[in-house]
Structure formats: structure tokens, C-alpha cells
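Data block below; observations after.
The values are calculated or read from the model by the stated rules, or taken from the named source; none is laboratory data. Here the structure is a predicted model, which means the values were calculated and not measured. Glycine gets a Cβ as well: all are built from the backbone with ideal geometry, and neighbour counts include every protein chain shown. Just so you know, the surface numbers come from the protein's heavy atoms only, side chains and all, with ligands and any DNA or RNA stripped out. Shrake-Rupley method; radii C 1.70, N 1.55, O 1.52, S 1.80 Å.
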Amino acid sequence: MPLKSAGFFAGRWILVSAIMIAAGLRAAPELLPLWDGTPPHHVGTAGAETIDAAGTVGNVSVPAIAVHLPPPERATGQAFIVCPGGSYSRIGLFTSGMGTVDYFVPKGAAIIVLKYRTRPPSTRVVEDSLADARRAVRLVRYHAARWKIDPSRIGMIGSSAGSHLVLNLGTHWDRGDPVAADPVERQSCRPDFLCLLCPWPNAQPVTDFPVTRETPPAFVASARDDKVAPTEFAEGIAAAYRRVDVECRLWLVEKGGHTAFKLGANRGEGARWPERFGAWLEAGVDSRPGRAAR
């Protein structure tokens with residue numbers, strides 16, 4: 001797959017890079033469109049994207065990834081594809097990957113932030129964003145050797161609508177098409193593990209996300225006072241995992257609401273989620289399909 005971005009991206013990526021450098025990040029990321037050409041169900045009349053100084057992106061019709069790599073000598077092979085939230089109408093904290101870039105990249109992990117399609121312009125945003133998430137995992141696996149990523153250690157982190165997207169992919173993945181003309185499409189889109197922060201149901205029941213023995217293990221975090229993404233949904237996810245004996249760690253905090261897991265100074269207990277999540281991974285989560293919970 002060609003790595004050269006289309007002309008559409010040039011000005012927008014310059015702006016994104018400038019914001020990131022101004023925010024104190026060490027280097028601008030490698031920025032790649034997800035699709036070679038227009039994405040499926042592309043809305044040709046969408047107009048330009050919007051992006052503000054906080055890194056919130058809107059009106060996304062051409063999805064892409066921002067690839068943040070650690071120095072080669074520090075690379076551990078771990079990769080996290082990050083899906084920020086925004087009710088599928090915008091993508092919040094895109095330029096910082098919800099703070100994951102500053103936290104995980106110095107520790108040797110690659111952070112790949114997904115800019116998935118939003119509504120507007122998409123008229124079928126859940127389906128379009130799921131196609132984008134599938135493509136993102138395939139693309140990272142395709143470039144794993146070049147980016148010094150272990151293709152069996154590619155996880156996904158999502159918050160709010162981003163966690164809805166991650167859960168949707170974790171329960172609706174495929175192994176790729178071995179005879180596809182596009183080599184990227186030959187790759188599996190199954191994440192090796194999931195991190196769901198304040199998982200948002202989007203008015204759907206847990207049964208819309210069929211957890212099976214092949215569903216990736218999950219770390220699920222929720223605040224009991226979250227009125228947007230109720231803890232009952234997070235608990236339902238964990239119960240579905242237990243029923244099939246697949247690893248799932250449910251972490252509940254008492255306070256913080258829907259922003260309980262936002263990183264930053266003077267935050268509450270939820271801001272320690274990277275430590276909890278990292279410890280869960282380091283304890284030896286077996287991400288192979290069909291493996292039982294510990």
C-alpha cells in the first residue's frame with residue numbers, strides 16, 4: 001500500500017503537527033490515510049474537516065491514523081491503537097491520543113491514534129467507524145515490522161464513543177481475506193486485547209456485542225457516578241466475559257463521572273488507569289483466541 005498521503009491531507013496534517021509540537025510532544029507523528037483511495041461509503045460532498053486548538057476533530061470523512069513511535073532502541077513491540085470519544089460527532093483529544101502519547105511512548109510502546117469517520121458527514125456512522133477500526137488494525141499489522149511492532153501485541157484503547165467502537169470491533173472482527181488484491185486486507189483485524197474506558201452503550205444492549213471464546217481479553221473501567229455511560233453496561237460486559245471464561249478485568253471507581261479517566265494534573269483515582277491497565281497486561285494476559293481466563 002502506498003504510504004504517500006493524498007493532497008487532501010497536507011494542510012490539515014500540517015495544522016495537526018503544529019498543534020502537537022506546540023503542546024510539547026517530542027516529534028510530529030507519521031500520518032497515514034487508512035484507505036488507498038476513497039474509503040467505503042465516502043461522502044464526496046462532506047467539505048473540510050474542523051480541528052480546534054485542543055485537538056478536537058470534526059466532520060471527518062477521510063479517516064486516518066497518527067503513528068507515534070518510541071525511539072528504536074526503546075521499542076518494546078507493544079502497540080496501542082487509541083480511539084478517542086466524542087459521541088461519534090467529533091473526535092476529542094485526537095492530537096494527544098487522550099494523553100496516551102505522553103504516557104506510553106516514553107515507556108517504549110507505539111501509540112497509533114485513529115481518526116475515524118464522524119456524523120456528520122457519515123449517515124451510517126457506527127458501520128463506517130467499524131470499517132475504519134478494522135482497517136486500522138490491519139494497517140498496523142501490515143507495517144508491524146517497519147514500525148518495530150510485535151503483530152501479536154496490538155491492542156486497542158477507547159473512551160466513551162471510542163470504547164463503543166473498540167468493543168464493537170472486539171466482538172465483530174475477522175481474520176482477513178487471504179486472496180484479497182490489497183495486501184492490507186489479508187491481515188486479521190482482531191485486536192489482541194481491549195481497554196474500555198467509561199464504555200458508552202450508544203442505546204444498545206450488551207447482547208449486541210456477542211462475547212465468545214475468541215473475543216480478545218478486556219480491561220474495563222467505569223465510574224459509579226457516570227450518568228452518560230452507566231456502570232451497569234460495564235458490569236454487563238464483564239458478566240458476558242465471565243460466561244465464556246475469557247479474561248476480563250473490571251475496575252470501578254466511585255467518583256469522576258464521564259471524565260473520570262481523563263489524564264492530567266490533579267485528577268482523581270481514575271487517572272491512574274494506565275498503571276492499572278499496564279499491570280494487568282504485565283501480569284501475563286493470554287490474548288490467543290479460545291484461551292481461558294486466569
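What the table shows:
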| read-out | value |
| --- | --- |
| The chain - percent of accessible surface contributed by carbon and sulfur, probe 1.4 Å | 53 percent |
| Proximal charge balance of Pro183 [Cβ under 14 Å; K/R count +1, D/E count -1] | +1 |
| Trypsin sites (Lys or Arg not before Pro) restricted to segment 167-260 and DSSP loop, no more than 12 other C-beta within 10 Å | Arg175, Arg213, Lys227, Lys255 |
| Residue-averaged [θ]222 nm for the chain, counting only DSSP H segments that reach four residues, each worth -39500 (n - 2.57) | -7500 deg cm²/dmol |
| Total charge dipole magnitude, the chain, about the Cα centre, Cβ charges on Lys, Arg, Asp, Glu only, Debye to nearest 20 | 300 debye |
| In the chain, lysine pairs closer than 26 Å at Cα, eight or more apart or cross-chain | 10 |
| Centre separation in Å (Cα based) which lies between segment 76-130 and segment 184-203 | 11 Å |
| Accessible surface, the chain, averaged per residue in Å² (probe 1.4 Å) | 42 Å² |
| Rel. contact order, % - alpha carbon contacts under 8 angstrom, at least six apart, the chain | 13 percent |
